[in-house]
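The values are calculated or read from the model by the stated rules, or taken from the named source; none is laboratory data. Note that the structure is a prediction, hence the values are computed from the model and not measured. We place every Cβ from the backbone using ideal geometry, glycine too, and count neighbours over all the protein chains shown. Ligands, DNA and RNA are stripped out before the accessible areas are found, and what is left, the full protein with its side chains, is counted by its heavy atoms. Shrake-Rupley method; radii C 1.70, N 1.55, O 1.52, S 1.80 Å.
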Amino acid sequence: MTEMPLQTLWVYLAARPLFWLTLTLLVWLGARRLQAWCGGLALLNPVVLSIAILIGLLVLTDTPYAQYFDGAQFIHFLLGPATVALAIPLYRLRAELHVLALPIAVALVVGAVVAVVSAVGLAAALGADRMVLLSLAPKSVTTPVAMGIAEKLGGIPALTAALVVLTGLVGVLFGVGVLRRLGIRDPAVIGVALGTAAHGIGTARAFQLGHREGAMAGLAMGLSAVLTALLLPLLPRGLALLGM
């Protein structure tokens, strides 16, 4: 049998969607094992590691993202059912949700407003133009909603998508540590904070901490997205009043 050169083998495998799907899963499993081996170190978050490794592989192999997505789209498809499945832990905590309805509602309103005002205000102070401000405003909600909001506001959806991912990564890297340093140990508070500030990536991190944290984060992620979508149409008028 003729020996197949390594480069030829790579070209053959890379052209198969199943290859990139399998590689993505293997990278994720490897990242999780590495984090567990290092004692759950936050800086070795599996999402962060997986993204970094896969980007590096795509760059090194000069693989177009469209070719990678031919395989990864199967994981992308599962995002819908996974989001719907968040209702299951919420249903199990329905009695607790009834008691905490008012505190959660207040926290969501404050969190959504602070996320927008702090980001837009800081960017404006640093000299960002109007289009960048509109793209930055929905950074703390889940990507599909954020991109839709940015498009309606007149921002740049692609920039918004990148900012959303960056926000989520910062949230999972430092969020839990900051909350613990502040003496916050309540699972509901931690979950709501992660879901509000770091959307889907934060929700995944919350589920690593426990089912109560994950359920609360899923609730916060969904409701903060709705709330932000309702509030942000007021932003262009506010910027106009400020001369921006």
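Worth pointing out:
- Protein heavy-atom accessible surface, 1.4 Å probe, per residue over the chain: 58 Å².
- Overall shape: oblate for the chain, with the ratio a/c of the largest to smallest alpha carbon gyration tensor axis at 1.5 or above and b/c at least equal to a/b.
- Full-stretch length increase - Leu90, Leu41 - with 0.36 nm per residue and alpha-carbon distance subtracted: 14.9 nm
- Per-residue ellipticity at 222 nm from helix content only, as computed over the chain with -39500 (n - 2.57) for each DSSP H run of at least four residues, stands at -26000 deg cm²/dmol.
- Extended-chain gain in nm, criterion 0.36 nm per residue less alpha-carbon gap, Phe74 and Ala125: 14.2 nm
- Compared with the dominant Cα axis of the chain, that is its longest principal axis, helix 17-37 is turned about 70°.
- A full extension of the chain between Val59 and Leu209 corresponds to an added length of 50.7 nm, given 0.36 nm per residue minus the alpha carbon distance.
- Packing order of peptides 113-123, 43-53, highest average first: 43-53, 113-123 (average count of other Cβ atoms within 10 Å over each peptide's residues).
- Accessible area in the full protein assembly, largest first, 1.4 Å probe, for Phe19, Phe174, Phe77, Phe207: Phe77, Phe174, Phe207, Phe19
- Accessible surface of the range 88-242, 1.4 Å probe: 73 percent of it comes from carbon and sulfur atoms.
- Between the range 24-57 and the range 161-186, the alpha-carbon center distance in angstrom: 17 Å
- Overall form of the range 54-148 per C-alpha gyration tensor (a/c, 1.5; a/b vs b/c): oblate
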